[in-house]
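**Q** Just dropping this structure here.
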Amino acid sequence: MGFYRKKRNAHKRYPLWAAAAVVIVAAAVVGGFLSFSSDTEVSKAKEREVIAENITIAGVDVAGMTKAQAMEALSSYVESYTDATFTLRANDKTVTCTNKDLKISSNEEDAIDEALHYGASGNLLSRFLAQQRKERGEKEDIALHFFANRLAVTEYIQGIKAELDVPAEDSTLTRKGGSFSFVEGKEGTIVNLQKSVDAVADYIQDDWDGSDVTLDLATKTEAPKGDKEQLMSIQDALGTYSTNYGSSPSGRRKNVENGASKINGKVLYPGESYSVAANLAPISEENGYALATAYENGQVVDSVGGGVCQISSTLYNALIRAEIKITERSPHSMTVSYVEPSMDAAIAGDYKDLKFENNQETPIYIDLVTNGSTITATIYGKETRPANRKVDFVSEIVEETEPVIVYKEAADQPIGYIGKIQGSQTGYEAHLLKIVTVDGAEESNQIFNRSSYKARNTIIAVGTLSDDADASAAVRSAIATQDRNVIDVTVAERTGALEPQEETETTEIVTVDGDGNTTQIMVVE
């Protein structure tokens, strides 16, 4: 006999919140699907979206074009202006640049979006009026705007400013017959950088049509520095120093005198800095310099302008005695003859310079004169130091490096030739002491600078030229030992000489290098 038990919960009711959750989840799934479908369709629709009829952008017909097509059409239009020139003018002087120099860009993408949505954007009234124009078939040209990169414009104008400026001529002094005369300065007209940048950038954005144009830059008046009362306070010699160049060759003498004339008469106002190298430059024959010997990487070479270091060294010694602030100074590679160690100031290329700053409260005047044999530098100003206070500078050698003798092959000279081709020079470590006394009593004694100078070795040339290859090889091997006894014995053996060879002493030529040092060269007659 069969039976069954009725399931009481077969039709169990679920709570309302559970049902609601099911509905929400289902809606989310369906909504997400619909949203995905909608986004896809919108994206596809935008790709198919074209610009309405009778629409142009900057005169370029873009009607019926998609965004991509319109971008291509406008790119050709924009590129047509890459050769446009901007002539920037100030003080009747001009500089010409291109839109690449100013990094000009345009808003073609925004203009195309405006064209695509013409009549569908803006407030209700503007949309209505646009639709009316579209229905009437009226043409609509959408403006294309250009924009200059303000940073690029700033950098460009800043770079050409010096070409366009007419700087003020500062009031100055002339010195004649031991007295000063006042020379009044002149106003200048210089480019106003910020206003000029604004003018150029605003014109490009608001008015430029892509054609060549001349723009006037904003300028401002620059007043000259100095007045008569201020400059005529310069009466006192704050520091002076002289060196002798009379024994130098003619080319070197010319360089000293020419370079000194370019610095003489300079007035430096409080806080102003000065570079000797910059004011001597360019070191060229066109600028009045001649060929003369000079140091280059520790070697004596012929160089245009050789000797200008004597100018900077003489000036350096006058400046430090006037207690003018030195901001840059370098020693020579080797010692010079016209000043003691640590009293020199080298000028070389763009890596050695003498620079200083007027740290006085009044202007200073640089008097740098030559008389054919002596160069004298004097710093004039207004003396404010106590009369009982004295400043002196003393050179002190700390260490010496003795040169050695180096033997070098002379392949173009016969075996038996031994000649000196370079004399020696001692190397030094030195410093300059600044000693201050008050009423004759030492107040301070301090190291003012430190300098290192290379030693220069004696170089002896040994001939190796011979028809006998073995003889030449033997002498070369002897040279490699750098032992004079070995060299002498080998040379004697190969020449049949009974005694060792002496260094050739037939003719001695003494030359003065660019720094006043003498070099002995031995020549065979």
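**Q** When you scan the range 430-455, how many residues do you find that are touching a Pro at 6+ places or on another chain (Cβ under 9 Å) and within 19 Å of Arg329 (Cα to Cα)?
**A** Taking the range 430-455 and keeping what is touching a Pro at 6+ places or on another chain (Cβ under 9 Å), we get 430-432, 438, 449-453, 455.
Checking which are within 19 Å of Arg329 (Cα to Cα) leaves us with 430-432, 449-453.
Number of matching residues: 8.
**Q** Which members of the range 487-505 meet the condition of being modelled with pLDDT of 85 or more and either farther than 17 Å from Val404 by Cα or among the small types (Gly, Ala, Ser) (or both)? Show your work before the answer.
**A** Step one: list which residues in the range 487-505 are modelled with pLDDT of 85 or more, which gives 487-495.
Those that are modelled with pLDDT of 85 or more and either farther than 17 Å from Val404 by Cα or among the small types (Gly, Ala, Ser) (or both): Asp488, Val489, Thr490, Val491, Ala492, Glu493, Arg494, Thr495.
**Q** Could you list, in sequence order, the residues of the range 375-392 that are outside any loop (DSSP other than H, G, I, E, B) and basic (Lys, Arg)? Reasoning before the result, please.
**A** From the range 375-392, those outside any loop (DSSP other than H, G, I, E, B) are 375-381, 389-392; that's our starting set.
The answer is Arg389, Lys390.
**Q** Can you give me the number of residues within the range 394-418 that are within 16 Å of Asn317 (Cβ to Cβ) and surrounded by 14 or more Cβ atoms within 10 Å (Cβ to Cβ)? Spell out the reasoning first.
**A** Step one: of the range 394-418, the residues within 16 Å of Asn317 (Cβ to Cβ) are 394-396.
Subsequent filtering for residues that are surrounded by 14 or more Cβ atoms within 10 Å (Cβ to Cβ) retains 394-395.
Residues that pass the stated criteria total 2.
**Q** Then there's this: If Val391 satisfies every condition in (1) farther than 28 Å from Thr172 by Cα; (2) in contact with a Lys or Arg (Cβ under 9 Å, 6 or more places away or on another chain); (3) open to solvent by 70 Å² or more (accessible area, probe 1.4 Å) but one, which is the exception?
**A** The number of the failed condition is (3).
**Q** Show the residue pairs meeting these rules: Cβ distance below 6 Å; 6+ apart or different chains; first residue within the range 387-398 and over 7 Å from Ala430 (Cα atoms); second residue loosely packed, with under 14 Cβ neighbours inside 10 Å.
**A** Asn388/Val438; Asn388/Asp439; Arg389/Val438
**Q** Does the range 149-167 hold any residues that are open to solvent by less than 50 Å² (accessible area, probe 1.4 Å) and in contact with a strand residue (DSSP E or B) (Cβ under 9 Å, 6 or more places away or on another chain), and which are they?
**A** Residues of the range 149-167 open to solvent by less than 50 Å² (accessible area, probe 1.4 Å): 152-154, 156-157, 160-161, 164-165.
Matches in the range 149-167: Tyr156, Ile157, Ile160, Lys161, Leu164, Asp165.
**Q** Another question, then. Sort out which residues of the range 208-231 are closer than 29 Å to Thr174 by Cα and aliphatic (A, V, I, L, M), and write them in order of number.
**A** The answer is Ala223, Leu231.
**Q** hydroxyl-bearing (Ser, Thr, Tyr), closer than 30 Å to Thr214 by Cβ and either open to solvent by 60 Å² or more (accessible area, probe 1.4 Å) or over 45 Å from the mean Cα position of the chain (by Cα) (or both), is that true of Thr94?
**A** The answer is yes for Thr94.
**Q** Can you tell me how many residues in the range 315-333 are under 29 Å from Thr401 (Cα atoms) and in contact with a helix residue (DSSP H, G or I) (Cβ under 9 Å, 6 or more places away or on another chain)?
**A** Qualifying residue count, the range 315-333: 5.
**Q** For the range 336-351, name all the residues that are over 22 Å from Lys254 (Cα atoms) and either among the β-branched types (Val, Ile, Thr) or touching a residue at least 40 places away in the same chain (Cβ under 8 Å) (or both).
**A** At the first step, the residues of the range 336-351 found to be over 22 Å from Lys254 (Cα atoms) are 340-343, 350-351.
Answer for the range 336-351, where residues must be over 22 Å from Lys254 (Cα atoms) and either among the β-branched types (Val, Ile, Thr) or touching a residue at least 40 places away in the same chain (Cβ under 8 Å) (or both): Glu340, Pro341, Ser342, Met343, Asp350.
**Q** If a residue must be of a type in the set (Gly, Ala, Ser), modelled with pLDDT of 95 or more and in a loop (DSSP other than H, G, I, E, B), how many such residues does the range 311-357 contain?
**A** 5
**Q** Filter the strands (runs of 3 or more DSSP E) completely within the range 81-156 down to those with at least 3 residues that are more than 21 Å from Ile57 (Cα to Cα).
**A** Values: elements: 85-90, 93-98, 140-142.
Because the criterion is at least 3 residues that are more than 21 Å from Ile57 (Cα to Cα), the strands (runs of 3 or more DSSP E) in the range 81-156 that meet it are 85-90, 93-98.
**Q** For Ala111, state whether it is at pLDDT 80 or above, closer than 30 Å to Lys220 by Cα and open to solvent by less than 50 Å² (accessible area, probe 1.4 Å). Quick ask: steps written out before the conclusion?
**A** Numbers: at pLDDT 80 or above: yes; closer than 30 Å to Lys220 by Cα: no; open to solvent by less than 50 Å² (accessible area, probe 1.4 Å): yes.
Judged against the criteria, Ala111 is not a match.
**Q** For the range 473-492, enumerate the residues that are open to solvent by 10 Å² or more (accessible area, probe 1.4 Å) and free of Cβ contacts under 8 Å to residues at least 60 places away in the same chain.
**A** Within the range 473-492, Ala473, Ala474, Ser477, Ala480, Thr481, Asp483, Asn485, Val486, Asp488, Val489, Thr490, Ala492 meet the criteria.
**Q** Still on this structure: Do you know which of the residues in the range 168-220 that are farther than 24 Å from Gln158 by Cα and of a type in the set (A, V, I, L, M, F, W, C) is surrounded by the most Cβ atoms within 10 Å (Cβ to Cβ)?
**A** The extreme case among them is Leu173.
**Q** Among the residues of the range 38-89 satisfying the criterion of being touching a helix residue (DSSP H, G or I) at 6+ places or on another chain (Cβ under 9 Å), farther than 18 Å from Ala143 by Cα and open to solvent by 80 Å² or more (accessible area, probe 1.4 Å), which is modelled with the highest pLDDT?
**A** Arg89
**Q** Under 6 Å between Cβ atoms, which residue pairs at least 6 apart in sequence (or on different chains) link something in the range 166-184 that is touching a residue at least 12 places away in the same chain (Cβ under 8 Å) and closer than 11 Å to Lys228 by Cβ with a partner that is assigned to a loop (DSSP other than H, G, I, E, B) and polar (S, T, N, Q)?
**A** Glu184/Ser171
**Q** Are any residues in the range 259-273 open to solvent by less than 60 Å² (accessible area, probe 1.4 Å), under 22 Å from Ser330 (Cα atoms) and in contact with a helix residue (DSSP H, G or I) (Cβ under 9 Å, 6 or more places away or on another chain), and if so, which ones?
**A** Selection gives Gly259, Ala260, Ile263.
**Q** Yes or no: the range 447-455 includes at least one residue that is within 36 Å of the chain's Cα centre (by Cα) and either part of a helix (DSSP H, G or I) or among the acidic types (Asp, Glu) (or both).
**A** Of the residues in the range 447-455, the ones within 36 Å of the chain's Cα centre (by Cα) are 447-455.
This time we only want the ones that are either part of a helix (DSSP H, G or I) or among the acidic types (Asp, Glu) (or both), so: none.
Scanning the range 447-455, I find no residue that is within 36 Å of the chain's Cα centre (by Cα) and either part of a helix (DSSP H, G or I) or among the acidic types (Asp, Glu) (or both), so the answer is no.
The values are calculated or read from the model by the stated rules, or taken from the named source; none is laboratory data. Here the structure is a predicted model, which means the values were calculated and not measured. Note: ideal-geometry Cβ built from the backbone for every residue, glycine included; neighbour counts use all protein chains shown. Keep in mind that these areas ignore ligands, DNA and RNA; they rest on the heavy atoms of the full protein, side chains included. Shrake-Rupley method; radii C 1.70, N 1.55, O 1.52, S 1.80 Å.
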